[in-house]
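Here is the structure we will look at.
The values are calculated or read from the model by the stated rules, or taken from the named source; none is laboratory data. These numbers were taken from a predicted model, which means no experiment stands behind them. Cβ coordinates were reconstructed from backbone atoms using ideal geometry, including for glycine residues, and neighbour counts include every protein chain displayed.
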Amino acid sequence: MAKTPEDLATPDTPDTPDTPDTPAASDPSEPSSLSEPSPLSERQRRRALVICIAAAFLTLLDVSIVTFALPSMEEHLRMSPADVSLAIAGYTLTFGLTLVPAGRLGDEFGRRRIFLLGLLLFTVTGVLCGAAPSAGWLDFARLARGITAGLIAPQVVGLMQQMYPNRERGRVFGYYGATVALSTAIGPLLGGVILQIFGTADGWRYTFYLFVPFAALAFALALRALPQDRRTGVRHSLDLIGALVLGLAVSAVMLPLLQTGQNVNRHWWLMGAGAVLLVVFVVRERGLARRGRQPLVDLNLFRVRAYWIGVLVAAALYGGFTGIFLVLAQYLQRGLHYTPLQSALATVAFTAGSVACGIVAGRQVQRFGRLLVIGGTAVTTLGLASAALVIRFSSAAHMGLVLALPLLVAGCGAGCVISANQTLALQRVPRREGSTSAGVYQTGMKIGTSLGVTLATSLFFQEMTATRGDYAAAAALGLTGCAAMAGAAFLVALPGLTLRVRGQSPAAVVAADEVGSLAR
C-alpha cells in the first residue's frame, strides 16, 4: 500500500511509548513491509550495534586506505590517470548504484540476510583485489567490491533505526558518524603503516588482504548477534524495471565524473541523459504508488524537508573532504618525497578532530540540532581553505606539522556534520523505510564523493600540467576545489535547515518527530 505524505511528515498519537531497552513496535499497517523482530535486550542491541559499526567501518575504510597506496599501485601496475581515478571512484560508482535496490531488498526480504550476503561477498572480493596482476584486473575487482559494499551499507542504518527508538538514535548515529570519520581519516595512516612494513612493491596488496580476516570474523559474529528477520507471509516484489532505470540514471550522472584526461568533455552529455532517466524514474514510481503497488523508492520521502536537505548536505560535504586525502597523498609523497607512513601521519589531526567531534555531536544533536550542521559545514570550509593557503604560501619545510591545525579544524567540522546531519535527515522516516531511505541518502553521498574526488584530482593534474610539475600549486588548487564543495554544503544547510524550523526550537522539532516515529 502506497504511503501518503502525512505518513512520513505528520506526527500522530503514539499507541505505546518505547522504553530505552526495547525497539518500537512493528508496523502492521504496511502489509508488504518487513516486521520488526522480537524486542532485544540492551546487551543484544549493543552487540548487534558493534557488528553493524564494524561492517560500516570496513566498507568505508576500503576507500581511504587505498588512497595512500595509489602511488605504489600506480608505479607497479603501470596505472594510467584514468585507472587511478577508477580505483577510487569506480568503487564509489558501483557502491552508489547498489544502495537503493539493496535498501529495498533489506526492507522487504530481511536486513539480516542481505547484510550477511554482502559481507560474505565483500570478503571474497578483498582476495580478488589483493591478487590483481594488472590494472584492468584491479579495476574490475574494485567495481565488484563496490557492489558488495552497497549491499551492506543500507542494512547497517536500517538495523540501527529498527533497534533503537528515535530519542536514542542521536547517540547511535554519533558512533556511526565517528566511524565514518575514523574510517575515512585512519585509512591513509593504516595504509602507510602497511606499506612501511611490507614495502612499496607489494605492500599495497596487503591493504586489501587486511580486510579478509576481519570481514570473516564479522560475518561469523553477525550470524549470532543480528536480530532475526521476520516476514509477514505476504509475497513481496522488487521493482526491477525501476531499479534498472535508476541504475542507468545514476551511472549516466556519475560516469563523466570518473573521466580524466583530454577526452573528458566528450562524456558530459551523459549527465543530461541521466537527468532525463531520473524524470522517467520519478514518473514510473508515482504511477506505481497510484496503483497501490510498492515503488522502489517512496517519493513522499522527499516531501520531508529535513530529509532532502540532509541528502544534499551529505553529498556536498563528502565531496569536500574525501578528495583531500588523494591530493595530499600525491603532494606529500611525490612532491615532498614523504614515505607513505609520513604522509599518512600528516592527516592524523583530521582523524582526531573528526572522531572526537562526531561522538560529541551525536550526543548533543537533540540539544543543538541544525546548528551543528550549519556550524560544522562552515568550519569544514574554513579548515580546507586554510590548508590550501598554507600549502600555496608556506615553506615546504615541516609541511606535515604546519598542516596539522587547518586539518584539525576541518576534521572537527566534518565530524559535527556527519552524525548530526544523518540524525536530522532520518529522524522522521518510518522504520519500515529505514534501509531504503538510508540507501537514497548514501547514494547522494557516493555521487558527492565521486564529484569531489574527480574535481580535486582534475584540478590537481591540470595544474601540474600547466605549471610543469609545481606540486604545491597543484595541491593548493585541488584543496580549493574541496573547500568549494564544503562551502556548497554550508550554502544548502543555512537556508534549508533554518527555514524548516522557523519559530521552533531544536528540542521541539525532535520531540514532535519522536511522537511520529513512535506511532509508526
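Considering the range 311-350, and only residues there that are crowded, with 24+ Cβ neighbours inside 10 Å and hydroxyl-bearing (Ser, Thr, Tyr), the residue that is nearest to residue 193 (Cα to Cα) turns out to be 343.
Can you find even one residue in the range 300-310 that is more than 23 Å from the chain's Cα centre (by Cα) and among the polar types (S, T, N, Q)? Checked against the condition, which is being more than 23 Å from the chain's Cα centre (by Cα) and among the polar types (S, T, N, Q), the range 300-310 yields no hits at all. Counting only residues that are of a type in the set (D, E, K, R) and under 21 Å from residue 317 (Cβ atoms), the range 358-400 holds 2 of them. Of these, 78, 113, which one is farther than 30 Å from residue 338 by Cα and among the basic types (Lys, Arg)? The match here is 113. Taken over the range 159-214, the criterion of being closer than 21 Å to residue 362 by Cβ and of a type in the set (Phe, Trp, Tyr) is satisfied by 164, 173, 175, 176. Here is the figure for the range 155-174: residues that are within 17 Å of residue 445 (Cα to Cα) and either at pLDDT below 85 or surrounded by fewer than 24 Cβ atoms within 10 Å (Cβ to Cβ) (or both) total 3.
Determine, yes or no, whether residue 133 is at pLDDT 85 or above, surrounded by fewer than 19 Cβ atoms within 10 Å (Cβ to Cβ) and not in a helix (DSSP H, G or I).
Taking the combined requirement at face value, the residue satisfies it.
Go through the residues of the range 214-234 one by one and say whether even a single one is touching a His at 6+ places or on another chain (Cβ under 8 Å) and either at pLDDT below 70 or under 26 Å from residue 93 (Cβ atoms) (or both). Within the range 214-234 (the criterion being touching a His at 6+ places or on another chain (Cβ under 8 Å) and either at pLDDT below 70 or under 26 Å from residue 93 (Cβ atoms) (or both)), the answer is no, since none of the residues qualifies. Taking (1) at positive phi; (2) modelled with pLDDT of 85 or more in turn, residue 199 satisfies each apart from (2). Restricting attention to the range 288-337 and to residues that are among the aromatic types (Phe, Trp, Tyr) and out of contact with any Lys or Arg (no Cβ under 9 Å at 6 or more places or on another chain), the residue that is farthest from residue 480 (Cα to Cα) turns out to be 302. Picking from residues in the range 313-363 that are in a helix (DSSP H, G or I) and among the aromatic types (Phe, Trp, Tyr), the one that is nearest to residue 394 (Cα to Cα) is 331.
Filtering 389, 371 for residues that are assigned by TED's automatic domain parsing to the domain that holds residue 421 and either among the hydroxyl-bearing types (Ser, Thr, Tyr) or over 24 Å from the mean Cα position of the chain (by Cα) (or both) leaves a single hit, 389.
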